[in-house]
Amino acid sequence: MNNVTTSVVSRQAPGQHHGPLVAVKDLEVSFRTLGGSVSAVRGMSFDIWPGETVAIVGESGSGKSTTATALINLLPSNGRIGAGSITIDGREMVGLSQDQMASVRGKLVGYVPQDPMSNLNPVWSVGFQVEEAVRANGLAHTRKEIKARAVEVLKEAGLADADRRMKQFPHQFSGGMRQRVLIGIGLAADPKLLIADEPTSALDVTVQKTILDHLDTLTRENHTAVLFITHDLGLAAERASKLIVMHRGKIVEAGPSVELLQDPQHPYTKSLIAAAPSLASRRIRGASASDDGGTTLDMARLAAHHHGTAEELHVSDAPVSIEVKNLTKVFSIRKGGFRTESLTAVDNVSFTVRKGSTLALVGESGSGKTTAARMILGLEPPTSGDIVVGGTNLNGISRKGMFNLRSRMQPVFQDPYASLDPQRSIGAIIAEPLKVHAVGDRPTRVARVKELLDQVSLPQAIAQRYPNELSGGQRQRVAVARALALKPEVVVLDEAVSALDVLVQAQVLQLLADLQEDLGLTYLFITHDLAVVRVVADEVAVMENGKIVETGTTDEIFANAQKPYTQRLLDAIPGSGIEWAP
Amino acid sequence: MSERHAEHYVAPVDDNEKIEVDSVRLGDRRSNLWIDAWRDLRRRPLFYVALVIVCVVALAAAWPTLFTQVAPNRGCELALSNGGPTAGHPLGFTRQGCDVYSRVVWGARTSLSVGMLVVLITAFIGIPMGALAGFFGGKVDSILSRIGDIFFSIPYFLAAIVVMSVLSENRNVLTIAFAIAGFAWASLARIVRAEVLRIKNLEYVAASTAVGRSRFATLVGHVLPNSLTPVIVTLTISLGSAIVAEAALSFLGIGLGSSVMSWGNDISQAQVTIKTAPMALFWPSLFLTITVLAFIMLGELVRDGLDPKARARR
Amino acid sequence: MLRYILRRLLQAVPVFLGTTFLIYFMVFAMPGNPIVALFGDKTPNPAQVAVLEAQYNLDKPFFVQYVLYLKNVLTGDLGTTFSGRNVNEVFGATFPVTLKLVLMAVVLEFVLSVVIGLISGLREGKYFDNASVVVALVLNSLPVFVALFLAQYFIGIKWGLAPVTVGRDTSWGAMFVPALVIALTIYVTGMRLMRGSVIEARSEDYVRTAYAKGLTSRRIVPVHIARNSLIPVVTNSAASFGALIAGTTITEGIYNIPGVGNTLFQAIIRGENATVVSFVTILTLLYVIVNILVDLLYAVLDPRIRYV
């Protein structure tokens, strides 16, 4: 193993340095935890050349973010670089003191973090926080110069009215605007390397695209190298020339983006590519790429199969399961003082879902899709309009009628960490609907729980355990089991797979598809992710600002979107810019 | 930009490392919030210290004769006033010549009964008020929260002073507990309300409603059990503060009658002779402090145990 | 901001009505003759009874009584003490002393909270942190009168460092010991708030981003960690200011400080309940007012509330 002290040799002045901008060799990072030391990064080695964009791709826990933060030693206090060397611009980083490190951060290496909501200090104005970065990196000295430079930085980052907004606080900015501020801060000192750690994963896709395009332009103009950290293969391949795929702290495969996507060698990379809906959407027109006889989950194949069966079933002739007519929801929002303002969250929305089919209700945050779902589920009273589920109108329904209807319509929610009561065992959670509806006696309920666990491919022994012992994907499968307990006709899936890693997401999507086929379920699939829609839906309804702007079959929408908004959403699917060789 | 051909690296495939997606690996032990908290508490020595003190005080309150054979009020001889320790009287004598040790032991009963009654009354009023306000929101919340605000706006010790002053004829353990808890519940209600507000927006609550449970059943079945963490901590600590409040009221002479054994009474009576006989003041103060400390410590340890973040940091 | 102030003031109206009503109710709706209750252990003489009956309008129905009492409170007429002095006059003479004591205690409490909490939070889990948490818990468990006796005995009697009681000399120096005792018994709340928010702030994303900007700890600790953590500590100190103004009864009684609390203390032990009620009313109203100011202070400190 490399001795850290001996490798601190190259002390060339910056600028005279030739060779890679960043050279990482045999990097080991570990975390101290209750159960002892856990290694997060094991023997990482890679180079980044000046001006190059490299992406590290991996699922959560793969060590991709740890690698990024280790480069400028921003590890949490229990993290430690165990061995290896990191050279940036000819200077060894491992072993530098915090003060020495401070002179590298910002100046040589800029950093754009993930969550725009939590990365700006809420008690200081935006201007203050940009000026601070300008001052720390010695870009300007007098108060006036600093301010002028800060305004310039923000303008470059795409905030046109920067001078006016300098005194405002972060909470007065939208998420996209905050991310622009953070990009401005990251690029303030014109660094040679920019680390972008999932910089847009908290934003809507269209905003994400605009911001990443802008970031591309800025870094290309200044010849800034970018290390891009992301969970999304499609996004990575679109933005970076070189990909590094990480799994459990190790590099699994690395190489030029297109080559890696077209000709993946390692089974993990193959399964990751097969499971990524954003890439599947591209691939669907071609044949399925997977050649392992169907042992890995393949989204393209799932979609192809799905659309095949949908045609066979002649979905358009099936009876209507959900019918929504002129549905409207108006919230009154309290504004400071005594004024209230009304907000139309759902505006005269109508659609139908046929039995055994899937309708995807797609929209960005604030489009009203979740409010619509909550009204259909009877969790929120509509302001006006009709909802008919399985022939029963929710309008003026009796308490008893609603109770009966609930057994025929069940939800699966988004957040796997909030959708199961942490104090109940898995068995009790799945049995709750049976108990509430007084189905069977105790032994039959226990038997039914076991049957349901089998259906969602979870071991029966899990029934005695508690939610916090399970992973996100497993919890989501428990939520599916609970939803199926009463054998409903309709399942409302509210962003049910959005919080999951791709492989797990693929697994749950496959499970949902199998269940639909076996049990003839009708799905209302609420999502912001058009890529997933391509894989699961028969029909699509696109929502914007509470209104449905376009409806059609999935093929129609993807092949021939009529409305510019739909087209924008389609263009913003990560990876849509990649040319896919069949 | 200089075009370099990056090499295509592929890690060796380890056959043993089959790519399993999300396979279930269960530990040997079940785990949820309470099981984990209990596991954590059992590892902390301070927990045992606090527990032993609480148990001893509880024993003394239930069966004082286990600890002393000397009657606290009988056999007091003025000749022994403020006398030092003698055989059978290890802590000496009070100003009235009563046995300090015996009075301290018997005082535990008063303190603990007041403390427990206050906790019961506080919980009985505070939890429903906070839970209903937080869960049902709207008008219910406006009304209940305004009522709570009013009670919250009178410092509970001042309120207790007024009640106990006026109740000169009926000063007993029950009235003193009501005087303290009658206003102390408001802060518990605030805590419960905040916690219920947080829990009620979680998806498992919506899931319960979607299954067909009534709103009330959901409140009782899912929301309340999950809001209990801060309630337990607050109540444990407030048991300590209630004991202090009782002692303080007795100290002011508007607590329990002077014939009742109470640490507050003894402290009040001994303060006059602080210069000449400090020990008669010291002993009841010490026992009072240790008991309060034990309850506060217990509350804090439970708080730590129930907080996964605090557990992870240790 | 102005709208926020107005709304907060409007919210205080029902609280004001409610608190005065509750106090009135506690005294006059209790079983038994309120006049007897107001006299406590004393035997009333007819003249005094007449004065009280007139002041509280006992011949009228309960709600009329309350409305008339409210009118008295609003016009600042809180009656007279047993010795015949006007309550307002007594309050005016004693309040500055209490204010002085409480100010000193709150400043000491704030300094202790911030300094110890900051060091503890920055060195979480280290020796200093563990020790300071335990010390604070023990001090917090000391009932204030026990703490005062300890101070009187050791500082006053045994070592003779300061007078045993304050008496007439109400200079800052003379009241330092009781103020420090108060601060020591209550600083734990503020210190834990500070410690907790420092620990939380240290792992906040924006602190990591500040490091990524190239700032050093010398700037990040005061500007991004301490500044954010101060918000709850300042409001806590302000709240304890309110609580202390209403809660120095025992301290002033034991240390014989001629403030509002001592007047209340004397009235309580002498059983002069009418005076007790008048003073409790004043103190409660003060407490309500201070709480409003605390909320406004919070809004000033936290821009997220200021700009709704």
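Descriptive notes on the structure:
- Per-residue mean of C-beta atoms belonging to partner chains within 10 Å, peptide A:98-109: 3
- For C:Lys126, a cut-off of 30 angstrom between C-alpha atoms picks up these lysines, skipping any fewer than 8 places away in its own chain: B:Lys309, C:Lys213.
- Averaged over the residues of peptide B:146-153, the number of Cβ atoms from other protein chains lying within 10 Å of each residue's Cβ is 6.
- What you get for region A:74-123, charging only the Cβ of Lys and Arg (+1) and of Asp and Glu (-1), is a dipole of about 40 debye around the Cα centre.
- Direction-averaged projected area, Cα convex hull, region A:441-553: 8.3 nm², rounded to one decimal.
- From the C-alpha gyration tensor of region A:112-185, square roots of 5λ in Å: 19, 12, 11
- Under 17 Å from the Cα of A:Lys400 - lysines, other chains or at least 8 residues apart: A:Lys435
- Alpha-carbon geometry of chain B: the Rg and the Dmax are 27.3, 105 Å, given in that order.
- Kirkwood hydrodynamic radius of region C:170-220, from the reciprocal of the average inverse Cα-Cα distance over all distinct pairs: 13.8 Å.
- Hydrodynamic radius (Kirkwood) for region B:192-314, which is based on Cα pairs only, to one decimal in Å: 17.7 Å
- Farthest toward positive dipole pole in the protein assembly as shown [+1 Lys/Arg, -1 Asp/Glu at C-beta], among C:His224, C:Val90, B:Val24: C:Val90
- In plain terms, the residue of A:Leu139, A:Leu512, B:Leu26 with the fewest other Cβ atoms within 10 Å comes first and the most crowded comes last, giving B:Leu26, A:Leu139, A:Leu512.
- Order of A:Ile185, B:Ile35 - criterion: other Cβ atoms within 10 Å of each residue's Cβ, fewest first: B:Ile35, A:Ile185
- Using only alpha-carbon positions in chain C, the gyration tensor eigenvalues give semi-axes of 43, 26, 14 Å once each is multiplied by 5 and square-rooted (largest first).
- Building the convex hull from the alpha-carbon atoms of region B:60-171 and averaging its projection over directions returns 10.1 nm².
- Each peptide in C:285-291, A:557-563, A:395-401 gets a packing score, the mean of other Cβ atoms within 10 Å over its residues, and the list from highest to lowest is C:285-291, A:557-563, A:395-401.
- Near-label residues of region C:175-197 by backbone N, under 15 Å of a point 7 Å along Cα→Cβ of C:Phe128: C:195-196
- Computed [θ] at 222 nm, helices only, for chain A once each DSSP H run of length n ≥ 4 contributes -39500 (n - 2.57): -10500 deg cm²/dmol
- For region C:92-259, the fraction of alpha-carbon pairs in successive 10 Å shells from zero, as %: 10, 34, 29, 17, 8, 2
- Only Lys, Arg, Asp and Glu carry charge here, each on its Cβ (+1 for the first two, -1 for the last two); on that basis chain A has a dipole of about 1880 debye about its Cα centre.
- A dipole drawn for the protein assembly as shown from +1 and -1 charges on Cβ atoms has a positive end, and of C:Gln152, A:Pro574, C:Leu283 the residue lying farthest that way is C:Gln152.
- Rounded to whole Å, the principal axis extents of the Cα atoms in region A:137-277 read 57, 28, 25, largest first.
- In chain B, a dipole from Cβ-located charges (positive for Lys and Arg, negative for Asp and Glu) runs towards its positive end, and of B:Ala133, B:Ala248, B:Ile296 it is B:Ala248 whose Cα lies farthest in that direction.
- Legend: residue pairs A:Lys147/A:Lys167; A:Lys64/A:Lys270; A:Lys107/A:Lys167; A:Lys487/B:Lys200; A:Lys107/A:Lys155, Cα-Cα distance threshold 21 Å; pairs beyond threshold, A:Lys107/A:Lys167; A:Lys487/B:Lys200.
- Here the Debye sum runs over all C-alpha atoms of the protein assembly as shown as equal scatterers in vacuum, and log10 of I(q)/I(0) at q = 0.04 Å⁻¹ comes out as -0.29.
- FRET efficiency estimate (nearest 0.05) - Cβ-Cβ, A:Ser174 to A:Ile397, R0 35 angstrom: 0.35
- For region A:382-524, the Kirkwood estimate of hydrodynamic radius, built from reciprocal distances between every pair of different alpha carbons, is 15.8 Å.
- With each label modelled as a point 7 angstrom along the Cα→C-beta vector, the C:Val49-A:Glu145 pair spans 8.8 nm.
- For chain A, the equivalent ellipsoid derived from the alpha-carbon gyration tensor has semi-axes of 45, 29, 23 Å in decreasing order.
- Efficiency of FRET from Cβ geometry, A:His223 and A:Arg32, R₀ 30 Å, rounded to 0.05: 0.15
- Within region B:94-116: backbone nitrogen closer than 19 Å to the B:Met279 label point (7 Å, Cα to C-beta): B:94-106
- Proxy reagent accessibility, fewest Cβ within 10 Å first, across A:Ser419, C:Ser132, B:Ser153, A:Ser97: A:Ser97, C:Ser132, B:Ser153, A:Ser419
- Among the residues of A:410-423, the average count of other protein chain beta-carbon atoms within 10 Å of the residue beta-carbon is 5.
- Shown in residue order for region C:275-291 are the 3J(HN,Hα) couplings computed by the Karplus curve 6.51 cos²θ - 1.76 cosθ + 1.60 at θ = phi - 60°: 5, 3, 4, 4, 6, 4, 4, 4, 5, 5, 4, 4, 4, 4, 5, 4, 4 Hz (x for Gly and Pro).
- Compactness of region A:419-485 as Cα Rg over 2.2 N^0.38 Å, two decimals: 0.98
Rule-based calculations on the coordinates, nothing more; no lab input. Predicted model only: the values in this text are computed from it and were never measured. We place every Cβ from the backbone using ideal geometry, glycine too, and count neighbours over all the protein chains shown.
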